[in-house]
Structures are given as C-alpha cells and as structure tokens.
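In what follows, a single structure is set out as structure tokens and then discussed.
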Amino acid sequence: SEHRFQEFVASASDWMWEMNKEFKFTYFSNVNSQPRLLNLIGKTRWEVAGIDPEADEHWGKHKRVLEAREPFRNFAKWYRASDSDLRHVVSAGRPIFDENGMFQGYRGTAYDGTEQKRVEDRLKETETLFEAVLDNAPAILEIRDREGCYEFVNKTYERIYRITNEEIRGKQAYHL
C-alpha cells in the first residue's frame, strides 16, 4: 500500500505538504516536477508570501486557525514564486498529533489555481465593462433568459419604468 500511495502522490497534479509545529514546511511531494517547492522548506506560509500575519486580516485569521489546531480548506492566496511569477495557490490542511495527543504540525494538499483565478478575474472585469456599457447606453436595454425572466436591465430602463434591477431580476413581464 505504501508503493501504491507513492504512485498516487507522484501522479497527482496537486502536491502534498507537511509542516512542523512551528508551521514551517518540512516536506513537499512532486518536487521533481516543481523544484521551486524545495525553496519553501523551513519557511512558514506567511514567510513564503512575504506577509506579516499580524498586519493582514486574511493571513491573521489563517494563522489563528493554525494556532487553534483546526483543519482548513480552500485557503487561497497569491504567492510570489519569483520576481516575475505570481501564483494563486489553494490549499487545505489538517493538524497531526502523535499517539499521546501532542500537536506535531499539519499535513495537507495544495494546487496552483493561477490560470483559473486569472480567467475568473478577467470574466469579472468583462462583466463589469459590459454592464457599464449597457448602463450608459441611452436606449432601454434588457437581458432575459430562455424562460423570459429578466436577468438585467440597464439604468435607462430603471429610470423610465421606475423599477430596479434587484426588483425585476428573475421575474417575467406578466409578473410586473
């Protein structure tokens, strides 16, 4: 089963990690495919990110979770892999204890969600731009789904018909 586990680890696109009770990384899987992970050994998560957890709300909350020895999921932050490479890493971890119940550190998994995050951010930017164009159009514009329910009306529509996007969204014309 040890051999089978090692094959799973080696074939995973995610990587596995361990940290000691001082929250410093001690192990990473897949270092052959991602040798930069070796540079993180001996550092805490916030040292890797170059963040003071006492001065950053998101990191401070995460550090308190670790200090409370609680499991965590979907901790997502940007990290600087190099001077020119910013990566969005998503991780999950569980505390590990010895047979006497003494805290030993954490084990977990992580994956590089950089491309997914960039696509999501670009989609948000495009949606914001699209809504701005629609809102500033002098014509009455509406977007409805296949069932005829309103998904969006522009500011001109709101002004003329005296109804807001929030009030109309999800309704059909006969509901109004």
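The values are calculated or read from the model by the stated rules, or taken from the named source; none is laboratory data. Please read all numbers here as calculations on a predicted model, not as lab measurements. Here the Cβ positions follow ideal geometry from the backbone for every residue, glycine too, while neighbour counts run over all protein chains shown. Accessible surface areas use protein heavy atoms only, side chains included; no ligands, DNA or RNA. Shrake-Rupley method; radii C 1.70, N 1.55, O 1.52, S 1.80 Å.
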Taking the stretch 109-123 as the search range and keeping residues that are outside any helix (DSSP H, G or I) and either among the polar types (S, T, N, Q) or open to solvent by 30 Å² or more (accessible area, probe 1.4 Å) (or both), which one is modelled with the highest pLDDT? Thr109
Just checking, which of Tyr150, Tyr157, Tyr111, Tyr161 is under 26 Å from Ile41 (Cβ atoms) and among the aromatic types (Phe, Trp, Tyr)? Tyr111
Would the stretch 5-14 turn up any residue that is open to solvent by 90 Å² or more (accessible area, probe 1.4 Å), modelled with pLDDT of 85 or more, in a helix (DSSP H, G or I) and more than 17 Å from Tyr111 (Cβ to Cβ)? no
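Given the criterion among the polar types (S, T, N, Q) and touching a residue at least 40 places away in the same chain (Cβ under 8 Å), identify the matching residue among Ser84, Ser91. Lay out the reasoning, then the answer.
Values: Ser84 fails: touching a residue at least 40 places away in the same chain (Cβ under 8 Å).
Just one listed residue meets the conditions, Ser91.
For the stretch 124-143, indicate whether the set of residues that are in a strand (DSSP E or B), touching a strand residue (DSSP E or B) at 6+ places or on another chain (Cβ under 7 Å) and open to solvent by 100 Å² or more (accessible area, probe 1.4 Å) is non-empty. Show your work before the answer.
Kept after step one, since they are in a strand (DSSP E or B), are these residues of the stretch 124-143: 142-143.
Still in the running and touching a strand residue (DSSP E or B) at 6+ places or on another chain (Cβ under 7 Å): 142-143.
Among the residues that remain, those that are also open to solvent by 100 Å² or more (accessible area, probe 1.4 Å) are: none.
Among the residues of the stretch 124-143, not one is in a strand (DSSP E or B), touching a strand residue (DSSP E or B) at 6+ places or on another chain (Cβ under 7 Å) and open to solvent by 100 Å² or more (accessible area, probe 1.4 Å), which makes the answer no.
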Can you tell me which condition Tyr106 does not meet? The list is (1) modelled with pLDDT of 95 or more; (2) over 30 Å from Asp85 (Cβ atoms), and all the others hold. (2)
Can you tell me which residues in the stretch 38-74 are touching a Pro at 6+ places or on another chain (Cβ under 6 Å) and closer than 17 Å to Ile96 by Cβ? Arg69
Inside the stretch 53-82, can you point out the residues that are farther than 18 Å from Phe25 by Cβ and out of contact with any helix residue (DSSP H, G or I) (no Cβ under 7 Å at 6 or more places or on another chain)? Ala55, Asp56, Glu57, His58, Gly60, Lys61, Arg64, Ala68, Glu70, Arg73, Asn74
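Restricted to the stretch 144-174, and to residues that are exposed (fewer than 10 other Cβ atoms within 10 Å of the Cβ) and not acidic (Asp, Glu), which residue is nearest to the chain's Cα centre (by Cα)?
Just the residues of the stretch 144-174 that are exposed (fewer than 10 other Cβ atoms within 10 Å of the Cβ), to begin with: 146-147, 162, 166, 174.
From what is left, the residues that are not acidic (Asp, Glu) are 146, 162, 174.
Values: Arg146: 31, Arg162: 38, Tyr174: 40 Å.
Going through the qualifying residues, I end up with Arg146.
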